[in-house]
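First up is the structure itself, then whatever we jot down about it.
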Amino acid sequence: MGVQDLLQTLALSAGVAWASGINVYAVLGTLGLAGSFGYVNLPSTLEVVQGPVFIGASLLMFVVQFFMDKIPSVDIFWDALHTFIRIPAGAVLAASAVGEVDPALMVATGIIGGTITVATHATKAGSRALINTSPEPFSNWAASFTEDAMVLGGLWAIFQYPVVFLGLFLLFILIACLLLPKLIRGIRAVLRRIGAWFGVTSAQQTGPA
């Protein structure tokens, strides 16, 4: 494997894990369409996403998320639910992106990919929890459209400019680490609010931490 191929593989593996933490359906649908129309060459281990049924299901769920993501109260539940969807999907996609290699390497890549997805999902869920406290809907809509643009732009950069993507990816991780305390408070606010809706915590405890 040459240097360019190695960079492409690293960018693809890290990229699908990163993007899955934001919008896994956009990742699956975009890769499926791009691969099936021959715009990109996916590893054989990722060719399953090119199936018509797989693409159709991914695009359907992308449309569902597009609307769910714009309603603050629904978005909180949506992000909480997708903790159990985005993270496993990101781990599997990251492992599959390295192609047919030693199984131990695929497992290790899956673990790293899952960790990346956790960081991205936590960043998304935490930041949206803070934004959702705003009474007007426009900041929520702007955040949602920005996230979708980031995912689609990131997937494009993975195949066109993998080195640039890897640089931006490292910058994202650095920023996420710096914002971690605020994001944790946002996630705690989400959990308290959900608990209040189910009567687990009192409504007085649902304000910012």
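Here are the numbers for this structure:
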read-out: Linear extension gain, Ile112 paired with Thr133, 0.36 nm per residue minus alpha-carbon span; value: 4.3 nm
read-out: Charge dipole (the range 3-205, unit charges on Cβ, about Cα centre) - positive-most of Ala97, Ala196, Pro181; value: Ala196
read-out: Residue (of Met150, Thr133, Pro43) at the positive-pole extreme of the range 3-205, dipole from beta-carbon charges; value: Thr133
read-out: Rough spin-label spacing in nm, given labels placed 7 Å along Cα→Cβ, for Ala196 and Val63; value: 3.5
read-out: Mean ellipticity per residue at 222 nm, deg cm²/dmol - from DSSP H runs of n ≥ 4 across the chain, formula -39500 (n - 2.57); value: -27000 deg cm²/dmol
read-out: Unit charges on C-beta of K, R, D, E only; dipole of the range 3-205, Debye; value: 780
read-out: Degrees, to the nearest 10: 138-160 long Cα axis against longest axis of the chain; value: 10
read-out: Degrees separating the helix 3-36 axis from the principal Cα axis of the chain, which is the longest one; value: 50
read-out: Size of the chain as Cα extents on the principal axes (Å, biggest first); value: 58, 34, 29
read-out: FRET efficiency, Ala142 to Ile173 (Cβ-Cβ, R0 30 Å, nearest 0.05); value: 0.85
read-out: Taking the range 3-205 and dividing mean pair separation by its residue count, relative contact order in percent (alpha carbons under 8 Å, at least six apart); value: 30
read-out: Nearest 10 degrees, 0 to 90: helix 162-178 Cα axis against the chain principal axis; value: 20
read-out: Rounded, prolate or oblate (a/c below 1.5 giving rounded, otherwise prolate when a/b exceeds b/c) for the range 48-128 by Cα gyration tensor; value: oblate
read-out: Label-to-label distance, nm, for residues given as Leu152 and Val53 (7 Å Cα→Cβ offset); value: 2.8
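Here, each number is a calculation from the coordinates, and none is a lab measurement. All figures in this text were calculated on a predicted structure; none of them were measured in a lab. A quick note on method: Cβ atoms are made from the backbone with ideal geometry, for glycine too, and the neighbour counts reach across all protein chains shown.
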